[in-house]
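Before any comments, here is the structure.
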Amino acid sequence: MGNGNLAGAIRSGFHGKLIAPGDGGYDEARKVWNGMIDKRPALIAQCETTSDVVAVVGLARDKGLPLAVRGGAHNVAGNAVCDDGVVIDLRSMKRCDVDVEARIARAEGGLTWHEYDAATQKHGLASPGGAISSTGIAGLTLGGGFGWLSRSYGLVCDHVVSAEVVTAGGDVLTVSADENSDLYWAIRGGGGNFGVVTRFDYRLHEVGELYAGLILYPRSEAHAFLRMFADLTASAPDELSTMAAMLCAPDGTPVVGQFSVYHGPAEEGEKVLDPVRSLGTPIVDDVAMKPYTIVQQAFDDGFPSGNRNYWKANYITKVDHACIDVLVEHANAAPSPMCVVGLEHMMGGAVSRIPAEDTAFGHREAEYNLLILGMHDDPGLDDAVRDWARGYSAAVQPFSTGGVYVNYMTDDEPDRIGAAYGSKHYERLASIKKKYDPDNLFRLNQNIVPVS
């Protein structure tokens, strides 16, 4: 197949497929979701078993090569692929076994949330998961992970009861509260710094239909809408998760609105969302009882693979009048109609009641996350979109906690690494990093440098 010496260096018995430059399917295999990422690895190893992963980790370690790990490859920074190195591609590892009685799902690291939700919803069960179903379970979980069920049940990482991890030394470890507990703590919010997670065991909850959907108004109502949103979310019950957004309709018309998910009866949800509808006559209102899988896929069409993405994110302390003025002014200056500004209210509730020291996720005090989505499909707009997102992020700093959600970070923010993990946790994470990855093999991420 022309895989050359690198492929030949992997011991016999590799079960998956090895793809090198010049092989059929190479260009497709190296593509990731963000169209701005264009990297050419020396070898892509599409692994089928944990032993495959061990072999590729050993190859990269022994050859001193960059090592990227690909799950769903939805990460905006493009860390799932690298130049002149080795990619561990987990997308062939998609088994998901559901123990209905124990309410545990055993899921391999190559699954997307679409696939995971399909497997668990066959039994009327779910774990909190991402808001875009093409996102991989692994990356979202390792960074903490919040979604539509988080205010009711907690973060994605809070539902990991155990995991299988391949370390830099090639050891295959089971981690849990009782076994390798330091590594178990670290992978729940510390990102992909500590090894390749080939399997997660998640707790499950009974989840059926949800009262959910989109309500939109003309952008001219943005100030009034965001004031209402601030009041609504300040006293929202745990059952309500929502995101306000300033975006453009398919015809390019600027609009403002929110996507809401109420985890309870429709009649209760209607009462909770009454302030949203009381602003006037919405131009869109499709809130209704919907299957959980449909809710999870609601944003998929707006985030297709191949679009060019440059994001910024900030946790926000409170949404007051001064903050709203900045949010609206900068949203109205977006250089592309595909750009979106989202103000997520998916934390708080159950997330904030879990002790901060229980996991490596370091920002449980935050309730709002501002997501500045620089999205477009024209390479000629790259600079304008970057400048807009960076300027927007700088303008909201007076209203920020100083923290940032690690899963939303781009690859040009080394000065925010400490802020991503939280100052209370970073030192502990660096010590665990030294124990399990002293040479920093797993560095293509929001990297925690091993403590010296």
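The values are calculated or read from the model by the stated rules, or taken from the named source; none is laboratory data. Keep in mind that what you see is a predicted model, and the values were worked out from it rather than measured. Using ideal geometry, Cβ is built from the backbone for each residue, glycine included, and neighbour counts are taken over all protein chains shown. In case anyone asks, the SASA skips ligands and DNA or RNA and just uses the protein heavy atoms, side chains included. Shrake-Rupley method; radii C 1.70, N 1.55, O 1.52, S 1.80 Å.
One table, with the values for the structure above:
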quantity	calculated
Reach of LYS290 by Cα under 12 Å, taken over aspartates and glutamates that are not fewer than 8 positions away in the same chain	GLU209
Cα-Cα pairs of the chain separated by more than 30 Å (percent)	42
Separation in nanometres of the label points that stand 7 Å from Cα toward Cβ, at ASP378 and ASP285	3.6
Label-to-label distance, nm, for residues given as ARG103 and ASP27 (7 Å Cα→Cβ offset)	5.0
Shape call, the range 134-184: gyration tensor on alpha carbons, a/c limit 1.5	oblate
Extension gain, GLU270 back to ALA177 (0.36 nm per residue minus Cα-Cα distance, nm)	29.4 nm
At most 15 other Cβ within 10 Å, DSSP loop - GluC sites (Glu not before Pro), the range 306-387	GLU365
Total charge dipole magnitude, the range 300-452, about the Cα centre, Cβ charges on Lys, Arg, Asp, Glu only, Debye to nearest 20	680
³J(HN,Hα), Karplus 6.51/-1.76/1.60, whole Hz, each residue of the range 91-105, x for Gly, Pro	5, 8, 9, 10, 5, 9, 10, 10, 9, 5, 5, 7, 6, 10, 10
Furthest towards positive pole of dipole, ALA138, SER127, LEU226, structure part the range 92-251, Cβ charges	LEU226
Cα gyration tensor shape for the range 294-376, rounded if a/c is under 1.5, else prolate or oblate	oblate
Sites ALA395 and VAL451 - FRET efficiency at Förster radius 35 Å, r taken between beta-carbons, to 0.05	0.50
Convex hull per residue volume in Å³, alpha carbons only, for the range 73-141	82
Charged-residue dipole, Cβ positions (Lys, Arg, Asp, Glu), the chain about Cα centre, Debye nearest 20	900
Two-site label geometry, GLU209 and ASP301: point separation in nm, points 7 Å out along Cα→Cβ	2.1
Computed magnitude of the charge dipole of the range 228-286 (debye, nearest 20; Cβ of K, R +1, Cβ of D, E -1)	200
In range of the label at ASP358: residues from the range 89-119 whose backbone nitrogen is under 19 Å from the point 7 Å along Cα→Cβ	103-105
Among beta bridges that DSSP assigns inside the range 1-95, antiparallel share in %, nearest 5	25
Anisotropy class of the range 302-452 from Cα gyration tensor, a/c 1.5 cut	oblate
Quotient of Cα Rg and 2.2 N^0.38 Å for the range 1-157, N being how many residues it contains	1.11
Counting DSSP beta bridges with both ends in the chain, the antiparallel % (nearest 5)	90
Average accessible surface area per residue within the range 159-221, 1.4 Å rolling probe, Å²	30
Top positive-direction residue, dipole computed over the chain with Cβ charges, set MET347, ASN447, VAL396	ASN447
Cα Rg over Rh - the range 123-282, Kirkwood	1.09
